[in-house]
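The values are calculated or read from the model by the stated rules, or taken from the named source; none is laboratory data. All values reported here derive from a predicted model rather than from experimental measurement. Reconstructed Cβ throughout: ideal geometry from the backbone, glycine too, with neighbour counts over all protein chains shown. In case anyone asks, the SASA skips ligands and DNA or RNA and just uses the protein heavy atoms, side chains included. Shrake-Rupley method; radii C 1.70, N 1.55, O 1.52, S 1.80 Å.
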Amino acid sequence: MEKPTPKAKALLPIVVFLILYLGNGIYFEYINPTEGQMGFYVMSVVVAFVIALIVAFLQNPKLSFDKKIHACAQGIGDDNITIMLFIFLMAGAFSGIASASGGAESTANLLLDIIPANFAIPGLFIIACLISMAMGTSVGTITVLVPIAASVSASAGLNLPMCVATVVGGAMFGDNLSFISDTTIAATKTQGVEMKDKFRVNFKIALPAAIITLVILIVLAMRGDTAQLGHFDYNIWQAIPYFAVLIASLCGINVFIVLGCGTILSGVVGIATGSLTVASAFSSMGTGTSGMFETMIVTILVASIGALMKAYGGFEFILQLIKNNFKGKKGGMFGIGFLTSLMDIATANNTVAIVMAGPIAKDISQEFGIDPKKTASLLDTFSCVWQGIIPYGAQLLVAASLAKITSVSIIPFLFYPFLLFLCVVGSILLDKTPASASASDSEDIA
């Protein structure tokens with residue numbers, strides 16, 4: 001099939017989306033804020049994408065409406081998009097029933113009871129890493145742990161923004177690596193790679209950043225006062241489903257099996273411990289899947305917009321732009337990082353950023369001979385770096401709201417996201433894999 005001619009105007013739908021979404025977000029967050037309302041969530045991301053899709057359909061009148069519909073259908077019907085949607089549903093069901101059964105609180109409290117009091121802050125980081133790896137959500141982890149971090153801060157006279165930032169950093173570690181995180185699902189499925197393969201590549205980037213962060217926190221803890229943590233109530237049985245899902249995911253078991261078994265186990269444990277009834281178990285699963293609906297709709301809309309932009313020559317234009325400004329395989333990696341960063345800063349949503357950047361990144365990956373596993377890792381890592389830093393993202397806004405501080409005050413203590421950025425840049429600069437070998441890997445996976 002002949003490649004379309006590169007055309008900058010084919011990117012107009014995304015420009016329209018960014019102007020609408022970013023413009024409204026800035027206005028309602030900083031110019032005309034409403035108490036209790038996060039400005040970047042006043043305008044639904046779905047509405048902004050629907051308007052962008054309408055713009056895409058109005059473009060290129062030479063192409064018939066039926067052919068445009070066919071292009072959208074091909075984009076939505078891609079195998080990886082279909083798998084992604086199914087995984088989103090199952091991840092939502094597990095998250096809903098596991099949270100309702102009391103698993104998140106029990107897991108956090110169990111770990112807090114084990115940690116020595118004088119290592120409260122490093123302990124919070126480790127707990128946030130483990131909880132977010134098991135839950136697959138940074139916002140959920142922050143919601144559970146920030147009130148605990150605030151309590152630790154008050155009991156020991158520790159810096160509150162630093163305690164909150166420690167939780168945010170750990171939450172982003174798990175969001176970046178968890179097998180059931182929507183960012184991992186989006187990054188791997190847009191590139192057509194296995195989650196366990198992406199995890200291996202990603203872990204080599206995230207682990208050094210986490211270790212350095214932990215060392216910094218331990219040094220700060222040793223210089224500070226001892227926290228009085230007291231005793232935290234937990235039910236060890238309620239914590240088992242999270243640990244089971246975490247271990248099964250790390251063992252490389254198929255994600256559908258992991259999520260299915262995790263959901264059943266959470267339901268059984270919840271009913272057995274009295275935290276759930278049969279009715280509330282099914283209700284919580286429904287609530288969890290409902291929470292994924294917006295992400296699924298966005299995925300469908302972005303797949304449609306992306307298919308039309310590709311048909312109009314938009315992807316070719318971006319590819320040409322990156323080829324002209326980034327040279328060689330490492331340049332292609334930086335191009336993917338730049339593209340993903342731009343999308344996340346603009347949308348304040350790392351999953352949306354990956355879904356938008358994914359198809360273009362795949363073309364860049366093929367053009368520059370980049371291993372698809374590396375591309376998936378770059379997409380996830382760069383999006384999580386910025387999502388953990390921008391003061392108008394859900395993570396910092398929720399954390400700030402729970403701790404009753406400003407989101408900007410948290411930023412100087414976000415050691416992990418800043419170190420993760422340095423580590424991912426270092427991984428690109430130190431990459432020695434020949435482009436031809438990467439291209440070969442891509443063919444093998446396909």
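So F179 clears everything in (1) open to solvent by less than 20 Å² (accessible area, probe 1.4 Å); (2) part of a helix (DSSP H, G or I) except one condition, right? Which one?
The one condition F179 does not meet is (2).
Would you check if there is a residue in the range 318-331 being open to solvent by 10 Å² or more (accessible area, probe 1.4 Å), under 23 Å from F17 (Cβ atoms) and of a type in the set (K, R)?
Within the range 318-331, none of the residues are open to solvent by 10 Å² or more (accessible area, probe 1.4 Å), under 23 Å from F17 (Cβ atoms) and of a type in the set (K, R).
Taking G314 and the conditions (1) surrounded by 23 or more Cβ atoms within 10 Å (Cβ to Cβ); (2) out of contact with any Pro (no Cβ under 9 Å at 6 or more places or on another chain); (3) not β-branched (V, I, T), which numbered condition does it fall short on, given that it satisfies the others?
Checking G314 against (1) surrounded by 23 or more Cβ atoms within 10 Å (Cβ to Cβ); (2) out of contact with any Pro (no Cβ under 9 Å at 6 or more places or on another chain); (3) not β-branched (V, I, T), the one that fails is (2).
Output yes when any residue across the range 123-142 is without any contact (Cβ under 8 Å) to a residue 40 or more places away in the chain, in a helix (DSSP H, G or I) and under 18 Å from the mean Cα position of the chain (by Cα), and no when none is.
Yes - at least one qualifying residue is present in the range 123-142.
May I ask you to list the residues in the range 17-75 that are of a type in the set (A, V, I, L, M) and open to solvent by 80 Å² or more (accessible area, probe 1.4 Å)?
If the condition is that a residue be of a type in the set (A, V, I, L, M) and open to solvent by 80 Å² or more (accessible area, probe 1.4 Å), then I19, I31, I54, L58 are the ones that fit.
Search the range 269-289 for residues being surrounded by fewer than 16 Cβ atoms within 10 Å (Cβ to Cβ) and aliphatic (A, V, I, L, M), and hand back the single one that is farthest from F88 (Cα to Cα).
A272
Which helices (runs of 4 or more DSSP H) sit wholly inside the range 283-387 and have at least 1 residues that are among the charged types (D, E, K, R) and closer than 27 Å to F86 by Cα?
293-312, 328-347, 350-368, 372-387
Which of (1) within 19 Å of the chain's Cα centre (by Cα); (2) within 25 Å of T82 (Cβ to Cβ); (3) at pLDDT below 85; (4) aliphatic (A, V, I, L, M) does A248 not meet, given it meets every other one?
All conditions pass for A248, except number (1).
Can you report the number of residues in the range 78-105 which are open to solvent by less than 10 Å² (accessible area, probe 1.4 Å) and within 22 Å of V152 (Cβ to Cβ)?
Within the range 78-105, residues that are open to solvent by less than 10 Å² (accessible area, probe 1.4 Å) and within 22 Å of V152 (Cβ to Cβ) number 2.
Of (1) within 22 Å of D79 (Cβ to Cβ); (2) at pLDDT 90 or above; (3) not hydroxyl-bearing (S, T, Y), M356 satisfies all except one. Which?
(2) is the only condition that M356 fails.
Going through the range 332-341 one residue at a time, which ones are under 15 Å from the mean Cα position of the chain (by Cα) and open to solvent by 10 Å² or more (accessible area, probe 1.4 Å)?
Answer for the range 332-341, where residues must be under 15 Å from the mean Cα position of the chain (by Cα) and open to solvent by 10 Å² or more (accessible area, probe 1.4 Å): just S341.
Whether any residue in the range 48-68 is of a type in the set (F, W, Y), in a helix (DSSP H, G or I) and under 21 Å from the mean Cα position of the chain (by Cα) is what I want to check.
There is at least one residue in the range 48-68 that is of a type in the set (F, W, Y), in a helix (DSSP H, G or I) and under 21 Å from the mean Cα position of the chain (by Cα).
Pull out all pairs, ordered by first then second residue, where Cβ-Cβ is under 9 Å, the residues are six or more apart or on different chains, the first lies in the range 273-293 and is of a type in the set (G, A, S), and the second is part of a loop (DSSP other than H, G, I, E, B) and open to solvent by less than 60 Å² (accessible area, probe 1.4 Å).
From residues that are of a type in the set (G, A, S), the pairs are S275/S101; S275/G102; S275/N235; A281/S101; S284/S101; S284/L276.
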